[in-house]
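The structure appears below as structure tokens.
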């Protein structure tokens, strides 16, 4: 047999060394053929190995160098030292090495394991077969298993080539770039211990080779699962469960080690029940790292993942391409996992569960870090109004009844229409009081105690939408509405007083038909053009409100530019500690189950987020994560939430008023509602994107000290860019910015409190 025939493989597929025992004639011929090649490196250090062997066999003897030499001569007496042991040829590196043969090699190489591993235990381990799926994190485990000789056979499965970015955690050299990880790992093992049997599955693990991986050559004794493919993560566990093979997974974050003892608990749920109900076919379709993140965190546990990992995940697809892994963590994980595997195989550890070796927690400074300082909500809230004080004020100032009395039925219809008006974060900042034929709108300051709305401009816009709903609904009932804003100047909690008059001649407004169908839609649009005549119709409805005006963008380049402005502003909003607190502590709501109805606040389901983006939002709720992103100067992941949807819009609308004032915000709010209802009439979807306007209002109306210099500089810069798109902002007050687009209805709508919950009565 020639050498090429004995190799059986070609080029990069070679991963098994060749053994030459020179007492065998055929082996000797091939050996001599090899060493004739001038490119072959010969390493013959057999004599030092024999010396070590002598010392190993005589542990109680303190040999001098001379005595060792004498013992060596006795040991090799009349032996052909070239033929002693075995020559191992590594074709991938053109090296041939002279070593002790199997029994002596293994005994000597593992001699320093004693008695952490007894000889009897070492013998038992020499019968074990371990499978490793995934050789990024898994390579460290496989190499450590080989170094410790925790098994006799390793089966390795991975289909990926080595890339330069892998070298931050995979132990190998740059000469192996482009080579399959499975062969790199097998070669590394062969160079540590050529007698360990290694079987490679270069196609990775799949449904076709699963049986061979688990059973061919004898059933696996244990599976190490480190696959990036979620379908394989689950399918391999089902197979392990079927065959009662224990599974270990090391997550590389906080050195979390998952142990599933299917050998002892055959009925145990896979992955501790964290993937219950997941669709395998859906998981097979997950290709990008971004798409995998929700499932990763669901398995790992968001609450228990490290802050740096969670903060990094927000940057995936923005400033980084994949989740981070460190050599220190991977190496430690290899050691910890091997330790657990050894104890399982030796019957010294019989539990399932998730275990952490969180080195940052074990070795850390005593000082607490990563705490954001927020405003105190109480500082923003005036004392809650007392109904008795309101009653006293009203009765002292109203001596004669005005307007017509509303029947209970009419009042109900009006208040029901009022209660479905839009409000920022669905905070519904109003209470209703009907007394002496007057409907009072009261400001519930507890509902609007937010840092971003200290001037109440956002709240007052909401009150304007509510007033417009009342006027429209009353008109539909042949009732004319008159109102005054802030009727009691000394008490701004009473925002408006409305009176009603029966009027059969009142002009009907078809916008009233859309009060209950109007909603916020945060889906992506289809980029289709909207007929300008429709946009002009919307404008006609807006300018019916004194002082209000409407302008719009339709050009795709302009919309793209606007998307960038808003997305950057939203990123600043997420990263500003106080705005972050507003959003996550007061505004955003997470249902406890899919059937829960959220009546106040912003139901996360209404954001129309991809699973990965929803997970990112959940991660971002942790102030420690925000603190890290601020320190790193990152957070671009927050930009894409707005950017991706805005750029699919058909148009961008802007409503302005002559100047900023409390009265104009309310009046402008009426224009906002009319635009929204008109768009609904034309089957157009609306989503508010007013953050650039609201930030500008706050900064330039006494709130500049609430922002750091970098935030102010950035916000002012991008507001100037907004004015380039909407030059009217140089002369008028920007009130409401929104995207207009065509889309299917929202998956879920924001709900409202029943008006009865908001209706007050004097004692």
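When the alpha-carbon atoms of the range 234-303 are used, the pair Rg, Dmax equals 12.7, 36 angstrom.
Scattering from the range 494-557 was approximated by placing one identical point on each alpha carbon and applying the Debye formula without solvent; log10 I(q)/I(0) at 0.15 1/Å stands at -0.81.
Which log10 I(q)/I(0) values does the range 532-741 give at q = 0.08, 0.09 Å⁻¹ under the Debye formula, counting every alpha carbon as one identical point scatterer? Taken in order of the listed q values, log10 I(q)/I(0) reads -0.29, -0.37.
Taking the longest Cα principal axis of the chain as reference, the axis of helix 181-192 is set at about 40 degrees. Modelled label positions at residue 531 and residue 24, each set 7 Å beyond Cα in the direction of Cβ, lie 8.7 nm from each other. Taking every alpha-carbon pair within the range 460-526, the share separated by more than 18 Å comes to 50 percent. Largest first, the extents of the alpha carbon coordinates of the range 271-331 on the three principal axes equal 33, 25, 22 Å. Computed from the alpha carbon positions, the gyration tensor of the range 134-245 leads to an equivalent ellipsoid with semi-axes of 22, 17, 11 Å, biggest first. Every Cα-Cα pair in the range 705-763 was counted, and those over 18 Å apart are 67% of them. The alpha carbons of the range 519-589 occupy a box of 42, 31, 21 Å along the principal axes, longest dimension given first.
The angle between the Cα long axis of helix 662-681 and the main principal axis of the chain comes to about 70°, on a 0 to 90 degree scale. Among 592, 528, sorting on how many other beta-carbon atoms sit within 10 Å of each Cβ, with the fewest leading, yields 592, 528. For the chain, what proportion of DSSP beta bridges, expressed in % and rounded to the nearest 5, is antiparallel? Approximately 65 percent, going by the DSSP bridge assignments. Distance between the 7 Å Cα→Cβ label points at residue 267 and residue 505: 8.2 nm.
Summary of packing: across the peptides 454-461, 661-668, the per-residue average of other C-beta atoms within 10 Å ranks them, highest first, as 454-461, 661-668. With a ≥ b ≥ c taken as the square roots of the eigenvalues of the C-alpha gyration tensor of the range 462-576, please select rounded if a/c is under 1.5 and otherwise prolate if a/b is larger than b/c or oblate if it is not? Oblate shape, in that a/c is at least 1.5 and b/c is the bigger or equal ratio. The angle separating the long axis of helix 556-575 from the principal Cα axis of greatest extent in the chain is about 80 degrees. Sorted fewest first by neighbouring Cβ atoms within 10 angstrom, 338, 172 come out as 172, 338.
Restricting the calculation to alpha carbons of the chain gives Rg and Dmax of 36.6, 129 angstrom.
Across all directions, the average projected area of the convex hull around the alpha carbons of the range 643-763 is 11.0 nm². Here the spin labels are modelled as points 7 Å beyond Cα on the Cα-Cβ line, and at residue 488 and residue 75 they lie 10.3 nm apart.
Taking every alpha-carbon pair within the range 3-109, the share separated by more than 23 Å comes to 36 percent. Listed from fewest to most Cβ neighbours within 10 Å, the set 672, 137, 275 follows the order 275, 137, 672. Distance from the Cα centre of the range 739-763 to that of the range 196-223, in angstrom? Cα centroid of the range 739-763 versus Cα centroid of the range 196-223: 57 Å apart. Entry for the range 560-676 at q = 0.20 Å⁻¹: log10 I(q)/I(0) = -1.24, Debye formula applied to identical alpha-carbon scatterers, no solvent contribution.
Read-outs throughout are calculated quantities, based only on the coordinates presented, and are distinct from any laboratory measurement. A quick note: this is a predicted structure, and the numbers were derived from the prediction, not measured. Cβ coordinates were reconstructed from backbone atoms using ideal geometry, including for glycine residues, and neighbour counts include every protein chain displayed.
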